Amino acid sequence: MSKSFDITVESLTKPATSDAPEVHATASVNNGGKSFFIETFGCQMNAHDSEKVAGVLLARGYRPAASAAQADLMLYNTCSIREKAAQKVFSRLGEWRGEKSKVIGVLGCVAQQEGEDIFERAPWVRLVCGSASYRKLPELLEEVESGGWRVTGLDLDTDETFETEITRRDNPIRAYLTIIEGCDYACSYCVVPHTRGPERSRASDAILSEARRLAEAGYTEIQLLGQTVNSYRDPGPRGMSFVDLLRAVAAVNGIRRVRFTTSHPNDFTREIVQAIDETPELCEHVHLPVQSGSTRLLRAMRRTYTREEYLEKISWIKAARRPISVTSDVIVGFPGETEDEFQETVSLLDAAGYDGVFSFVYSPRPNTTAASMTGAIPEQEKLRRLAYLQEHQRQIQTARNATLVGSTQEVLVDSRHAARGQWSGRTSSNRVVNFVSQQENLLGEYALVRVERSGPNSLVGEHVTGTTGGRHGT
Ligand code: SAH
Ligand code: SF4
Ligand code: F3S
C-alpha cells in the first residue's frame, strides 16, 4: 500500500532534549496572529537553520505567510561564501527600501560578517543576527516586537549549539539534523570560521532522541549536517566518536537511510568506510571536498593534506565491498594557480573517479588570508578553467552512470513531474533517478527501478515491482 502525504506538510518535532512524544506547535506567546516569511540562501546547514528559526517563530505564535509581500516579518537567511551570494542579499534588501510596515531581519553568514554595517546600508532593516546567536532569537524578537530597531545578535565566541523547542521541517522525505556547528579549520579562502564561529558538537543523547522522534514522525532518511561533520566529538557522557554516532543513528528503528555531509579529508578515517561497508542503512555516498589537486595549492589553501594523502583516502573508499560514490568541491583560479597546477586538479578528477563535483571560481572574501595573496588570476581565465573542468567532469559522470544501465536501483521517491508523467528520487549513492510507474502515489516510498538510460546527471528507468516500504514501513 502506498501512503499518501502532501509534500507541503509541516512536520513539527519536539526539542532534542527529551524523549517525550512529539508535540505540535502551540503558541506560547500571542503575537496577534503576525505572519512570517523566510528566504534562505546558501548551504544545507542554512536551510536547516531556517527550519529551526521557523520553529521558534511558530512557538511565538507567528504563522507562515504565503509570500514575502504578505508577511509581517520578513527574514533573509544569508550566505557569504562567494561575493555573488553576498551581493544578492543587498539587492534583495533594496527591494524593501524605506519599508516601515513590516519587520525586516537579516540572519546567517552575511549578518555575522557585515554586522551593524547592514543598518547603515539598509536602515529599514531592524534585526541582524548571526547563526551563533540563534539561541537568543526569542529575546531579540521580543525587542523587535516591542518596537525596537537595530536589534543585534552578533556574538561569535560561543560554546553553545542551537537547540530549539520545535523545528518546522520543509522536506517531508529527508530530515536534516545538525550534529556539529561552526568550524575550527582555517582554510585561507573561507569565511565560514568567521561567520559561524568555533566548532561545537551537540551531545549524542540529544541527537539520538531527535533521530528517534523523526522516525516516529515517519521519516526514513536522515542527513546529518556539519561544515566538518566527521570532526564530531560527543561532549556528552557517552563520549561517542563520529563512527559510533553513525552506527547509532543507523540503528534507530524505522530509519533506513543515513547520510552525512560535509566530511573534511583530514578527519576521514578507515573506520568510516568500514562502518558504511557493514551497515546497509549508511548510504553509499561520501562528499569529500578536495578543493585542488595540487599539493602546493592545498598548502596555500591550508587544507592540511597533500594530493597523495587525499588519494590514499579515496583508495580506502574504492576498496570497500559496497560501491561507495564519492563527490567533491573544487575551487579553480586560486591566487597563483598555474596552468600545470590547474591540470593537476583535472587529473585528480580522473584519479578519484567522482560521481559529482561542485566547482567554483575563487572569490576573494573579507577577513580571509587568501584575499591579500598576490597572483590573482584574471576573471576570464578563471571562467575558462571552470568550463574546462566542468566539461571534463561531465564526461567522467557520463561514463560512470552508463555502467548502471541494466541494473536495478532502490529509489527513495521524493518528487513527481506531472507534465512528464515521471516520478523522481534518489539512490543510496545519491544519484537522481527519473522513472515511470503505473502506481498512483509513490512519494516517500522506496521503489525498485530498472535503469534504461543514463546521462551525466541522472538515470532514467522503469518501476519494476511494487515498493519496498516507505515512510511508515508500508
Ligand atoms: N566545510 C566544507 C565546505 C564549505 S563551503 C569543506 O571544508 O569542504 C562549500 C564550498 O564552497 C567549499 O568546499 C569550496 O569549494 C567553496 N568555497 C568556499 N570558499 C570559497 C571562495 N572564497 N571562493 C570560491 N569557492 C569557495
Ligand atoms: Fe571553510 Fe575550510 Fe572550515 Fe570547510 S573546513 S568550512 S572550507 S574553513
Ligand atoms: Fe554560505 Fe554560511 Fe553556508 S557562508 S555556504 S550559508 S555556512
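The values are calculated or read from the model by the stated rules, or taken from the named source; none is laboratory data. All of these numbers come straight from a predicted model, not from anything done at the bench. Neighbour counts run over all protein chains shown; Cβ positions are idealised from the backbone, glycine included. Remember, those area values only see protein heavy atoms, side chains included, never the ligands or the DNA or RNA. Shrake-Rupley method; radii C 1.70, N 1.55, O 1.52, S 1.80 Å.
What percentages, rounded to whole numbers, describe P(r) for region 327-474 computed over all alpha carbon pairs with 5 Å bin width beginning at zero?
Reading the bins upward from 0: 2, 9, 16, 15, 12, 11, 10, 9, 8, 6, 3, 1.
Per residue, what volume in Å³ does the convex hull of the Cα atoms of region 67-192 enclose?
Dividing the Cα hull volume of region 67-192 by its residue count gives 141 Å³.
For a quick check: with amide H placed at 1.01 Å from N, whose amide H comes under 5 Å from Gly236's, ignoring anything fewer than 5 positions away on the same chain?
Here the answer is Ser204, since their amide H atoms fall under 5 Å of that of Gly236.
For a quick check of understanding: with a 1.4 angstrom probe and all protein chains in place, what accessible area in square angstrom does Ser91 have, to the nearest ten?
We get 70 Å² for Ser91.
For the chain, list the cysteines whose Cβ sits under 4.7 Å from no other cysteine Cβ?
Unpaired cysteines in the chain: Cys43, Cys79, Cys109, Cys129, Cys183, Cys283.
Around Arg169, which amide H atoms from residues at least 5 apart in sequence, or from another chain, sit under 5 Å from its own amide H, with H modelled in the peptide plane?
Those qualifying (amide H under 5 Å, at least 5 residues apart or on another chain) are Ser11, Thr13.
Considering only protein heavy atoms, with the full assembly of protein chains and a 1.4 angstrom probe, order Phe268, Phe90, Phe37 by accessible area, largest first.
Correct descending sequence by accessible area is Phe37, Phe90, Phe268.
Roughly what % of Cα-Cα distances in the chain sit above 30 Å, to the whole percent?
Distances greater than 30 Å cover 50 percent of the Cα pairs.
Once you compute Rg and the Kirkwood Rh from C-alpha atoms, what is the Rg to Rh ratio for region 209-293?
Taking Rg over the Kirkwood Rh, I get 0.97.
Once you have all Cα-Cα distances for region 167-402, histogram them in 10 Å bins from zero and send the whole-percent values.
Pair shares across the bins are 7, 30, 34, 22, 7, 0.
How high is the relative contact order of the chain? Use alpha-carbon pairs under 8 Å, at least six apart in sequence, and give a whole percent.
12
Given a cut-off of 18 Å, what percent of all Cα-Cα pairs of region 28-120 lie beyond it?
For region 28-120, the fraction of Cα-Cα distances above 18 Å is 45 percent.
What is the local net charge at Ala250, summed over the other residues whose Cβ is closer than 12 Å to its Cβ (Lys, Arg +1; Asp, Glu -1)?
Result for the neighbourhood of Ala250: 0.
From the Cα trace of region 408-470, what convex hull volume per residue do you get, rounded to a whole Å³?
So the per-residue Cα hull volume is 76 Å³.
Determine how large the accessible area of Thr374 is when every protein chain is in place; take a 1.4 Å probe and give Å² rounded to the nearest 10.
Only protein atoms counted, so the area is about 120 Å².
Give me the net charge for the shell around Arg384: Cβ to Cβ below 14 angstrom, other residues only, Lys and Arg +1, Asp and Glu -1.
Charge balance in the 14 Å sphere: -3.
Using amide H atoms built in the peptide plane, which far-off residues or other-chain residues are under 5 Å from Val361 H to H?
Counting only residues 5 or more places away or on other chains, the set is Val332.
Cross-link partners among aspartates and glutamates for Lys318, C-alpha distance below 20 Å, same-chain residues fewer than 8 apart left out?
Asp267, Glu271, Asp277, Glu278, Glu281, Glu284, Glu308, Glu309, Asp329, Asp350, Asp355
Just read off the accessible area of Glu95 with the full protein assembly in place, 1.4 Å probe, to the nearest 10 Å².
The value for Glu95 is about 120 Å².
From the backbone phi of region 109-126, what are the Karplus-calculated ³J(HN,Hα) couplings (6.51 cos²θ - 1.76 cosθ + 1.60, θ = phi - 60°) in whole Hz, Gly and Pro given as x?
Result, rounded to whole Hz: 6, 5, 4, 5, 6, 8, x, 5, 4, 4, 5, 6, 6, 9, x, 7, 7, 10.
Applying the Karplus parametrisation 6.51 cos²θ - 1.76 cosθ + 1.60 with θ = phi - 60° to the phi angles of region 298-303, what ³J(HN,Hα) value in whole Hz is obtained for each residue in order, glycine and proline being reported as x?
4, 5, 4, 7, 6, 8
Around Ile272, with a cut-off of 13 angstrom between Cβ atoms, what is the net charge of the other residues, counting Lys and Arg +1 and Asp and Glu -1?
Here the count lands on -1.
Sticking to Cα atoms, compute the Rg of region 139-196 to one decimal and its Dmax as the biggest Cα-Cα distance, whole number, in Å.
Calculated on Cα positions, Rg and Dmax stand at 15.6, 42 Å.
Residue-wise, which Karplus ³J(HN,Hα) couplings in Hz belong to region 398-405, taking 6.51 cos²θ - 1.76 cosθ + 1.60, θ = phi - 60°, and x for glycine or proline?
Using θ = phi - 60°, the values come out as 4, 5, 5, 5, 4, 5, 8, 4 Hz.
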